[in-house]
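The values are calculated or read from the model by the stated rules, or taken from the named source; none is laboratory data. All values derive from a computational prediction rather than experimental measurement. We place every Cβ from the backbone using ideal geometry, glycine too, and count neighbours over all the protein chains shown. What goes into the accessible areas is simple: the full protein's heavy atoms, side chains included, and nothing from ligands, DNA or RNA. Shrake-Rupley method; radii C 1.70, N 1.55, O 1.52, S 1.80 Å.
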Amino acid sequence: MKPIGLKDLFVIFLKAGLAFGGGLGILAVLEEEFVTKRQALTREEFLTDYALGRIVPSGTMSALAADFGARFGGFPGSVIALTAMVLPAFTLSVSLSAAYVYLAGTPVLALLPLTILPAALAFIVAAALRLGRDITIPSVEALLAAAAFIGSLVFRISPALLLVGGGIVSMVILAFTERAENPA
Amino acid sequence: MNPLQVALTIMVLNILTFGNGPALVPLLEERFVTMEGILTVDQLLYAFAIARVMPGPANAYVASVGFFLNGLLGAALAMVAIQLPAYLMLPLLRLHERFSDVAGVKRFTRGLTATSVGLIFASTVSIGRNAITSLTAAIVFVLALVMAYLLKWNPLLSLALAALAGLALHAAAPSL
């Protein structure tokens, strides 16, 4: 195993940041680079860190970037890993947003509500459908999803409040039901 | 709101949704579009459209939101705001060596995910009221949904084809 320097970290995470497919696309690159190619981490270490990363409230891949960056390059390593990973998305976002501002008031922008914007809304619906695919009906989760839908749309309760409430309710109910299913 | 306030708000909302890109949309919508009135629904949808066809982390589109609100500085601060909580990973790794049972956290996360799903649907209904204002837009929406979700086509291809269909419809029947 060759040591991984700061330059390697930059290259690996830039590559990860260029991967399509969101988190899973990035995960595939990191697995390939750290586990398969360089054997710097065992599969078990990689999977444990991935599971822990899912708990971190920043996005799992950002947590892994901070983790692997710090592991192989200390604090500078973590900064380099995080920066390299978001660099492609950041550059693209800013340039395309600048184009939007630049085109404001032109006929091109008037076409957006008929083309890209409805498609974007469809992507959000698709994402919600995918996130909800594991939710069976009836279940605690289906109930929480329905309650959040109604609470937000009809009663205009703040999403933040609904999220924290949903988490706490689920923690309490699941603790009871799981105990009933698997008595100690 | 100044760039720092925006970044701080984004950081809190991103933490609440565990860095999940789509789950963040309803919170950004309620905060910046409905409450503050400093971002338009069109800008938010545009930012999200970019995110779907872009490489990299799913929540990186907040850079666009930051840009619309406060220019390049806003974009950079928004990006830092969503990356900073990643450092919680380091103490968590140390904690994990001592406590490997995280059942309570798992149950909390399950509730969070379920609530997010309900919230995203609620948000698409309220965004849709403002965004789908013509028959052409509705057709483009359905086309994109079929391509992206049912047929599981690549987002870039789905976006391009749906947008082209919108252009063609508009050219053929501008009054729709």
Among A:L174, A:L96, A:L129: highest mean-square fluctuation, GNM of chain A, C-alpha pairs under 10 Å:
A:L174
Tell me the GluC sites (Glu not before Pro) within segment B:1-64 that lie in a loop according to DSSP and have at most 14 other beta-carbon atoms within 10 Å.
B:E36
Assuming 0.36 nm per residue, please report the length gained on full extension of the stretch A:V172 to A:V108 beyond their Cα-Cα distance.
17.9 nm
Calculate for the protein assembly as shown the 222 nm mean residue ellipticity that helices alone would give, adding -39,500 (n - 2.57) per DSSP H run of length 4 or more and normalising by residue count, nearest 500 deg cm²/dmol.
-24000 deg cm²/dmol
Pick out, in residue order, every one of the trypsin sites (Lys or Arg not before Pro) in segment A:109-169 that is DSSP loop and has at most 16 other C-beta atoms within 10 Å; say none if there are none.
A:R133, A:R156
Between rounded, prolate and oblate, where does chain A land on the alpha carbon gyration tensor, with a ≥ b ≥ c its root eigenvalues, rounded for a/c under 1.5, else prolate if a/b exceeds b/c?
oblate
The percentage of the accessible area of segment A:107-181 (probe 1.4 Å, all protein chains present) made up of carbon and sulfur atoms, to the nearest whole number, is 75 percent
R0 = 22 Å: FRET efficiency of B:T133 with A:I150, Cβ-based, nearest 0.05?
0.35
Send over a whole-number figure in Å² for the accessible area per residue of chain A, probe 1.4 Å.
49 Å²
Where N is the number of residues in chain B, Cα Rg divided by 2.2 N^0.38 Å:
1.18
Quick calc, B:L150 & B:T40: beta-carbon distance into FRET formula, R0 25 Å, rounding 0.05, result 0.25
When chain A is treated as a Gaussian network with springs between alpha carbons less than 10 Å apart, the largest mean-square fluctuation among A:A70, A:A147, A:A120 is found at A:A147
State which helices in chain A qualify, where a helix is a whole DSSP H run, it must extend 30 Å or more along its own axis by its Cα atoms, and its mean Kyte-Doolittle hydropathy must be at least 0.5.
A:60-103, A:159-181
Rounded accessible area per residue of segment B:133-176, 1.4 Å, Å²
56 Å²
Can you give the direction-averaged projected area of the convex hull of the alpha-carbon atoms in segment A:107-181, in nm²?
6.8 nm²
Nitroxide proxy distance, nm - points 7 Å out along Cα→Cβ at B:A171 and B:V80:
4.6 nm
Percentage of Cα-Cα pair distances in segment A:6-103 greater than 18 Å, rounded to whole percent?
45 percent
Within the accessible area of segment B:3-131, what % is carbon and sulfur when the probe is 1.4 Å and the other protein chains stay in place?
63 percent
Using 0.36 nm per residue, how much length does the chain from A:V11 to A:T91 gain when fully extended, once their Cα-Cα distance is taken away?
27.1 nm
Per residue in segment A:49-67, which ones lose no less than 10 Å² of accessible surface when going from chain alone to all protein chains (1.4 Å probe)?
A:D49, A:L52, A:R54, A:I55, A:V56, A:P57, A:S58, A:G59, A:S62, A:A63, A:A66, A:D67
Could you work out the mean projected area of the convex hull around the alpha carbons of segment B:133-176, in square nanometres to one decimal?
2.8 nm²
By the gyration tensor of its Cα atoms, with a ≥ b ≥ c the square roots of the eigenvalues, what is the shape of the protein assembly as shown: rounded for a/c under 1.5, prolate for a/b over b/c, or oblate?
oblate
Rank A:L87, B:L150 by accessible area, highest first, at a 1.4 Å probe radius?
B:L150, A:L87
With solvent modelled as a 1.4 Å probe, how much accessible area in total do chains B and A shield from it at their shared surface, in Å² to the nearest 100?
7800 Å²
Under a Cβ-only charge scheme (Lys and Arg +1, Asp and Glu -1), can you give me the dipole magnitude of segment B:27-176 about the Cα centre, in debye to the nearest 20?
420 debye
